[in-house]
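The values are calculated or read from the model by the stated rules, or taken from the named source; none is laboratory data. Just so it is clear, the structure is predicted and the values come from calculations on it, not from any experiment. Ideal geometry is used to build each Cβ from the backbone, glycine not excepted, and the neighbour counts take in all protein chains shown.
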């Protein structure tokens with residue numbers, strides 16, 4: 001159920017707040033803010049999912065020029081059948097050109113031609129939500145309902161999704177804390193082979209990974225949210241990395257919680273099978289994780305590519321200057337080709353900060369070498385892009401963890417949480433394990449099995465690998 005208000009708050013009225021005219025804000029926001037009206041964000045359709053620019057719903061100017069006539073369909077729209085106001089993406093013609101561009105419209109369900117084809121689509125998880133299928137047939141929308149600039153809908157959509165992706169960090173952190181609490185309690189209570197489960201090293205390893213992952217997830221969520229609140233400018237890369245990291249770490253935490261509980265977790269009188277079903281959508285919704293990986297790597301490498309005599313013009317993106325991978329206190333990891341000195345206030349973290357600086361320098365050098373080797377063809381090297389993105393994500397999260405630990409070490413005893421020491425231990429554990437993962441990703445940029453992966457996959461796609 002929390003997804004209903006979350007979708008309403010994070011990607012519903014947000015578009016009006018950011019892009020609406022004063023009149024639109026006066027008309028729509030009061031009832032949306034009070035909760036009297038629910039909202040929905042209608043982007044996804046049969047041919048447009050993670051590829052937001054492939055929207056096919058058409059908005060044709062009316063003969064009198066006072067509005068647009070929309071035809072098309074949307075699917076998988078959270079709150080779509082319940083909302084009183086919807087932000088709808090549709091293609092509008094470009095004057096003097098055969099091209100079309102995506103435009104955002106404010107739509108209400110009382111408009112003639114608006115149809116809820118299916119209010120609650122059956123799905124694997126999050127079954128308490130109303131995920132709907134909509135259809136528009138010759139639906140007239142007045143021109144004053146255009147949100148933002150005509151043809152500027154893609155910017156509206158992508159900006160709104162930035163905020164939505166940030167909420168993944170918060171919701172995943174909450175679920176992870178629930179799992180950790182339950183897993184620890186069960187590991188202390190359950191006895192097998194004459195010992196509690198928590199006595200076994202493989203269970204200890206799971207618990208340590210869960211604690212570190214949860215602390216890191218919370219740290220990067222706080223830091224990314226603070227960056228947005230501070231008006232740091234473009235933060236698409238950071239929110240993409242936050243979304244990928246938090247959803248995949250949570251998936252592993254749920255799996256480990258499930259494993260610690262064993263057969264007990266498999267039955268519906270326990271919450272774990274539902275957690276498993278509900279969490280599966282996280283790596284798909286609001287940008288599939290594989291797409292976000294490629295996005296983060298390409299846009300993050302943009303500045304380095306420009307410095308290398310403009311060889312990276314193939315990935316220049318029309319959304320603006322997004323070439324930033326933020327590190328400690330907002331540093332640009334993508335532009336650092338030497339090891340930076342990471343400043344920390346507490347001496348206990350000096351060694352951790354030095355290691356992070358060395359990793360950032362190594363990462364920058366590897367990115368430069370990668371661009372020199374592949375030049376423009378890097379856009380199609382998704383095996384390598386994934387390694388770059390995963391390295392950058394771990395560096396960004398490590399920076400957030402380090403900053404949070406630095407702040408924690410300066411807290412007075414009265415201001416410390418009951419788990420202060422344990423949280424610091426979890427942070428240190430994350431930094432050490434993340435460093436090992438980063439080194440592995442960077443090593444695999446040159447030593448990998450990519451040359452074997454593609455032929456095998458192609459053989460399967462061509463029907464040569466039937467089983």
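For this structure, a couple of remarks:
- Scan of the range 46-105 for residues that are assigned to a helix (DSSP H, G or I) and surrounded by 14 or more Cβ atoms within 10 Å (Cβ to Cβ), ordered by number: 52, 53
Listed here are the residues, each with its yes/no results for (1) in the same structural domain as residue 249 (by TED's automatic domain parsing); (2) surrounded by 14 or more Cβ atoms within 10 Å (Cβ to Cβ); (3) within 19 Å of residue 399 (Cα to Cα).
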site	(1), (2), (3)
414	no, no, no
417	no, no, no
421	no, no, no
425	no, yes, yes
428	no, yes, yes
438	no, yes, yes
445	no, yes, no
460	no, no, no
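- Test for residue 329: is it surrounded by fewer than 18 Cβ atoms within 10 Å (Cβ to Cβ) and either modelled with pLDDT under 90 or assigned to a loop (DSSP other than H, G, I, E, B) (or both): yes
- Filter result for residue 118 (touching a residue at least 60 places away in the same chain (Cβ under 8 Å) and assigned by TED's automatic domain parsing to the domain that holds residue 25): no
- Whenever a residue of the range 268-286 is in a loop (DSSP other than H, G, I, E, B), its partners that are buried (at least 17 other Cβ atoms within 10 Å of the Cβ), lying with C-beta atoms within less than 6 angstrom and at least six residues away or across chains, give the pairs 286/161; 286/164; 286/165.
- Members of the range 19-45 found to be buried (at least 16 other Cβ atoms within 10 Å of the Cβ) and in a loop (DSSP other than H, G, I, E, B), listed by number: 20, 37, 38, 43, 44
Yes or no, residue by residue, for (1) closer than 18 Å to residue 58 by Cβ; (2) in contact with a helix residue (DSSP H, G or I) (Cβ under 6 Å, 6 or more places away or on another chain); (3) buried (at least 18 other Cβ atoms within 10 Å of the Cβ); (4) not assigned by TED's automatic domain parsing to the domain that holds residue 22:
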| residue | (1), (2), (3), (4) |
| --- | --- |
| 122 | no, no, no, no |
| 128 | no, no, no, no |
| 131 | no, no, yes, no |
| 139 | yes, no, yes, no |
| 144 | no, no, no, no |
| 160 | no, yes, yes, yes |
| 166 | no, yes, yes, yes |
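- When the range 335-360 is filtered for residues that are modelled with pLDDT under 90 and either under 27 Å from the mean Cα position of the chain (by Cα) or under 19 Å from residue 442 (Cα atoms) (or both), the ones remaining, listed by number, are 335, 336, 337, 338, 339, 340, 342.
A quick yes/no check of all residues on (1) closer than 22 Å to residue 273 by Cβ; (2) in the same structural domain as residue 42 (by TED's automatic domain parsing); (3) modelled with pLDDT under 95; (4) assigned to a helix (DSSP H, G or I):
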site	(1), (2), (3), (4)
163	no, no, yes, yes
174	yes, no, no, yes
181	yes, no, no, yes
205	no, no, no, yes
216	no, no, no, yes
225	no, no, yes, yes
231	no, no, yes, no
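- Flag for residue 16 being surrounded by 19 or more Cβ atoms within 10 Å (Cβ to Cβ) and outside any strand (DSSP E or B): yes
- Among the candidates 214, 224, residue that is touching a residue at least 24 places away in the same chain (Cβ under 8 Å), in contact with a strand residue (DSSP E or B) (Cβ under 9 Å, 6 or more places away or on another chain) and buried (at least 24 other Cβ atoms within 10 Å of the Cβ): 224
- The range 142-156, residues that are part of a loop (DSSP other than H, G, I, E, B) and more than 26 Å from the chain's Cα centre (by Cα): 150
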